[in-house]
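Below: one structure, written as structure tokens.
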Amino acid sequence: MITISDTAQAHFVKLLADQPEGTHIRVFVISPGTAQAECGVSYCPPDAAEADDVELPFNGFSAMVDEKSAPFLDDASIDFVTDQLGSQLTLKAPNAKMRKVSGDAPLVERIEYVIQSEINPQLASHGGNIMLVEITDAGVAVLQFGGGCNGCSQVDITLKDGIEKQLLDMFPTELTGVRDVTEHQHGDHSYA
């Protein structure tokens, strides 16, 4: 479920040495499965452990995960990196905003997962997003752009060279193309 690098484990052991005996760490997701999902790590004193927590043993401590957060922390990783600017603890949880779907899930669910976990985070840097409207019988994913993408002068390049290429590479036998149905109106909300 969660991978913690050796350097991060050593860092946690050092931090936990100053805490009451039996204290572990808690890894959690606030608002899991939503666009506002945020991940965190905190101390978990012995009296804060819940009966339904998942306990993940590591070297010298355990990571406690609440039942609600657990499915959204699949493939999560924690690392502790030191460079010339200092040290930083990083937590990456690619499935925090949307629960990971299995490879045999319906095509709509797999495309939605890719949109939420990979495409929309990239578009968000420009204030944009996309939404899957439908998949036609001909295998065309019909998308609608929102936010900064609506009315952006680069939307055709984003659609054809970015989104369509990525989706066709991922679903080569199931998708034949991607189409935009947005009524683009350039305005203050548009990125470029």
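May I ask you to give the percent of accessible area on the chain that is carbon plus sulfur, with a probe radius of 1.4 Å? Walk me through the numbers on the way to the answer.
Values: 5540 of 10900 Å².
Here carbon and sulfur together make up 51 percent of the probe-accessible area.
Determine the shape class of the stretch 52-137: with a ≥ b ≥ c the square roots of the Cα gyration tensor eigenvalues, call it rounded for a/c under 1.5, and otherwise prolate if a/b is greater than b/c, oblate otherwise. Oblate. Accessible area per residue for the chain, computed on protein heavy atoms with a 1.4 Å probe, is 57 Å².
Residues of the stretch 42-71 with amide nitrogen under 20 Å from the 7 Å Cα-to-Cβ point of Ala10? Zone members listed by number: 58-63. For the stretch 118-167, just say rounded, prolate or oblate: build the C-alpha gyration tensor, square-root its eigenvalues into a ≥ b ≥ c, call rounded for a/c under 1.5, and beyond that prolate if a/b exceeds b/c, oblate if not. Cα axes put the stretch 118-167 in the prolate bin. Gain on full extension, evaluated as 0.36 nm per residue between Tyr43 and Ser87 minus their Cα-Cα distance, stands at 13.9 nm.
Considering only beta bridges that DSSP places wholly inside the chain, some 70 percent are antiparallel. Kindly identify the stretch 79-187 as rounded, prolate or oblate by the Cα gyration tensor criterion: order the square roots of the eigenvalues as a ≥ b ≥ c, call it rounded if a/c is under 1.5, otherwise compare a/b with b/c, prolate if a/b is larger, else oblate. Judged from the Cα gyration tensor, the stretch 79-187 comes out oblate (a/c at least 1.5, b/c at or above a/b).
Gain in length, Ala51 to Lys165, computed as 0.36 nm per residue apart minus the alpha-carbon separation, to one decimal in nm?
Working: separation 114, 0.36 × 114 = 41.04 nm, distance 4.60 nm.
Full extension of this stretch gives 36.4 nm more.
Using every pair of distinct Cα positions in the stretch 1-106, the Kirkwood expression returns a hydrodynamic radius of 14.5 angstrom. If R0 equals 41 Å, the separation of the Cβ atoms of Val133 and Glu21 corresponds to a calculated FRET efficiency of about 0.15.
Taking amide H as placed 1.01 Å from N in the peptide plane, the amide H of Asp180 sits under 5 Å from that of Leu143, each at least 5 places away or on another chain. Here the Karplus relation 6.51 cos²θ - 1.76 cosθ + 1.60, evaluated at θ = phi - 60°, turns the backbone of the stretch 73-80 into coupling constants of 9, 4, 6, 6, 9, 10, 9, 10 Hz, with x for every Gly and Pro. Binning the C-alpha pair distances of the chain at 5 Å intervals from 0 yields a P(r) profile of 1, 7, 13, 15, 14, 12, 11, 9, 8, 6, 3, 1, 0 %, listed from the shortest bin outward.
Taking all protein chains together and a probe of 1.4 Å, list His24, His126 from the most accessible to the least accessible. Display every interim value, and only then the final one.
Values: His24 50, His126 90 Å².
Ranked list, largest accessible area first: His126, His24.
The values are calculated or read from the model by the stated rules, or taken from the named source; none is laboratory data. A quick note: this is a predicted structure, and the numbers were derived from the prediction, not measured. Neighbour counts are summed over all protein chains in view; Cβ atoms, including those assigned to glycine, are modelled from backbone coordinates with ideal geometry. Heads up: the accessible areas ignore ligands, DNA and RNA and are worked out on the full protein's heavy atoms, side chains in. Shrake-Rupley method; radii C 1.70, N 1.55, O 1.52, S 1.80 Å.
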